[in-house]
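In what follows, a structure is listed as structure tokens, so that the remarks can point back to it.
The values are calculated or read from the model by the stated rules, or taken from the named source; none is laboratory data. Please read these numbers as outputs of a predicted model, since none were measured by experiment. With ideal geometry, Cβ positions are generated from the backbone for all residues, glycine too; neighbour counts draw on all protein chains shown. SASA here: full protein model, heavy atoms, side chains in, ligands and nucleic acids out. Shrake-Rupley method; radii C 1.70, N 1.55, O 1.52, S 1.80 Å.
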Amino acid sequence: MIARIDGETLCLILQRGDDGLAHLVWFGPKNNDVMARAPHFQRLPASPDVPVGPTLHPAHGHGFHNIAQVEAHCHKTRRLLRLKPPEFAASDRQITLNSHDESLGVRVVTTMTFRGDALAVTCCLHNDGETSIDVTRAASLLIPTPDWASRLVTWAGAWGREGHYTERDWSTGRIEQLGRAGRPGFDGGPTLSLLETGANVAHGRWLTAHLAWSGAFRLAAERATDGSGQLLAERLLAPGEIRLEPGASLVLPETVVALSYEGSNGVSRVYHDIIRSEGLRVKRLVHFNTWEARYFDVTEEKCISLAKQAAELGAERFVLDDGWFKGRHNDETSLGDWSADEAKFPNGLMPLIDAVHAEGMEFGLWLEPEMVSPDSDLCRDHPDWVLGWPEAELATGRNQLVLDLSLPAVREHLFLTIAALLDAYPISYVKWDCNRDLYPATSGGVASLGLQTEGLYELLDRLRIAYKVQIESCASGGGRIDAGIASRTDRFWASDTTDAIDRLRVQRAASFAMPTERLGCHIGPSPNPMTGREISMEFRVLAALFGHMGIEANPAHFNDNDKAILMRGLEISKAHRDWMGDGQLLNLSEPGDDPDLQMLVSAGGDQALLRIMRVNTPVRPLQPRIRLAGLDQQSHYELVELALRGDPMVWPLGNFMGRGLMHDGLVLDSARALTGRLIHLRKTE
Ligand code: GLA
């Protein structure tokens, strides 16, 4: 029996083998599938008599010692789940695999669906039986790995320093990308890639799994000594967390798999397409954010003055960050008490909002709804609403505790509180922060790791249905960037560092799976508050230009020259942002290379931007050529340099043929440390 589904350029074929198991015989380009064969496993004297090779829905009990897809047992008798090999069928773009344990009455249904070239895989467990089932592990994705996979890529990081590309060998054994903290974290989140040796941004095969889940997760690649490998993605289940009662189901988060034969740029294209297709199209208004301008020192008067300066520079939305609510003067108090501080905003927020509107800007507000300060009215009124152990001293993080979102009363309270703010004030945007991990992730001592994420999703979904408000996902910077939250929000704050050099790395890593227009990229102060580095305004503006731009510094500290450069940069962004929001991102340099080279090519291919960011003085004086990508070989392109310095102007570089630009390239690197260039390409014929 064979089942086949087709994506845009890829296809996937399953076949039932002589062993009765479901084998993945092909996942790759459509025209190569004629070579597809079920895997052959050589029988060795020490192996099971019927050798078990890589299969979909692997289960223990056949001599298979790798990872099983589901681990569960009957709560009463402790009898282990024993799933039969699945029945499978294909319809349209979807394959469904159905596997049963008739004795326990458990069904496991896995679906694999092509959306474009993204393969979305998910799984659901149903208890049709009469006894409770304890589930200890359940993977939404578990597929055999291709034999060419020999390298593994993740991104390492920590607060304010996300996005370090990490590539290593993967031959045998297991490598995990694990997040236990209850939010995806700064360490690359729920993404893992397998590569062939030598693959890079533009060449070679990449297979990437990304789990659409904003809680604790595990992704793993494991290859046994028999040569069989598996790629796994799962929501992490805490002990005792999932008891499936008769009639109940457990829906696991979706994993999105991308396969590219054209390097990581091809993987990014698949993710960007699917994230864009599932989100709302919103105008990327230029932000002004008060955080690095004033931190907690915000008042009506100071903010109105900031709003005027921000509007003069070209900001289109004013976001009032932390510090605006009752008693909040530092990070030690007040989370949970979401009403305007009477000393700072004696007339509520309306005078500020009116001033913001008078300047032609929209208004946005910072909230951290999932959290509560022990020193707050909310915590004093509802000490039982926090995650933790009953009667135990609770560990704080940034002086705060986590509200227990598994409790319906907490979710209701948060919905009503946020709804009251949105009803009282014309707020078009919420910066939704989450500044600590979940520890202990227990609701009164009972594991509540995933319930917390489910509670958050329910709250966000309810708000999105009730209000037309855009939401930014921020978690101490880039601590919550994943496709699960992406479908419920409009933008990410990729890092708390606004240092432009760090930002090149951070934004490149975040844009691996997320489209650049979703990434908040702000021009911060110089010297930078986190790194102390002094970086020119020109470099800072260029570093932010491929994302959703904003200003996050006190304009009073900018000199006139800097203001002119910044305003010119914002004008360029506004002139190009519509097509950039659909454009394809192409990295021309490898992570960490200097210069950092990126292009954004419009969906129709009629225009593009090339950005060259040189951080250090090059070792060699001979300038290598920069070879472009994504152009039409036969077409001609007019190249102009969009200069930021001096009067608004363009510097014509000439007309060139796509083929020449891609094969021969041009010498464009300025070779001077901390300089950047921005070139616009327009197809002329
Ligand atoms: C987090 C965010 C920052 C800022 C502060 C406010 O660190 O990432 O951007 O909003 O909280 O406390």
In this structure, is Asp496 near the ligand (Cβ under 10 Å from one of its atoms), open to solvent by 10 Å² or more (accessible area, probe 1.4 Å) and in the same structural domain as Gly532 (by TED's automatic domain parsing)?
yes
Can you name the condition, by its number, that Asn289 falls short on among (1) open to solvent by 60 Å² or more (accessible area, probe 1.4 Å); (2) within 20 Å of Ile471 (Cβ to Cβ)?
(1)
Quick check on this structure: which one of Phe318, Phe296 is within 16 Å of the ligand (Cβ to nearest atom), part of a strand (DSSP E or B) and either under 25 Å from Leu219 (Cα atoms) or at pLDDT 95 or above (or both)?
Phe318
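Being in contact with a Phe, Trp or Tyr (Cβ under 8 Å, 6 or more places away or on another chain) and open to solvent by 50 Å² or more (accessible area, probe 1.4 Å) is the filter; apply it to the range 652-678 and report the residue that is nearest to Val541 (Cα to Cα).
Here the answer is Leu674.
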For the range 514-534, enumerate the residues that are aliphatic (A, V, I, L, M), open to solvent by less than 10 Å² (accessible area, probe 1.4 Å) and not in a strand (DSSP E or B).
Met514
Among the residues of the range 20-79, which ones are of a type in the set (S, T, N, Q) and at pLDDT 90 or above?
Gln69, Thr77
When you look at Leu628, is it part of a loop (DSSP other than H, G, I, E, B), closer than 21 Å to Val615 by Cβ and hydrophobic (A, V, I, L, M, F, W, C), yes or no?
yes
Only residues that are open to solvent by less than 50 Å² (accessible area, probe 1.4 Å) and either more than 32 Å from the chain's Cα centre (by Cα) or among the hydroxyl-bearing types (Ser, Thr, Tyr) (or both): list them for the range 351-393, please.
Pro351, Leu352, Ala355, Ser373, Ser376, Ala392
Which numbered condition Lys302 fails, given (1) under 14 Å from Ala343 (Cβ atoms); (2) outside any helix (DSSP H, G or I); (3) away from the ligand (no atom under 16 Å from the Cβ)
(2)
What number goes with the only condition from (1) surrounded by fewer than 21 Cβ atoms within 10 Å (Cβ to Cβ); (2) under 27 Å from His548 (Cβ atoms); (3) touching a strand residue (DSSP E or B) at 6+ places or on another chain (Cβ under 6 Å) that Gly348 does not pass?
(2)
Flagged in the range 305-315 as in a helix (DSSP H, G or I) and more than 16 Å from the ligand (Cβ to nearest atom), in numbering order, are Ser305, Ala307, Lys308, Gln309, Ala310, Ala311, Glu312, Leu313
Based on what the data block shows, is Asn32 part of a helix (DSSP H, G or I) and touching a strand residue (DSSP E or B) at 6+ places or on another chain (Cβ under 9 Å)?
yes
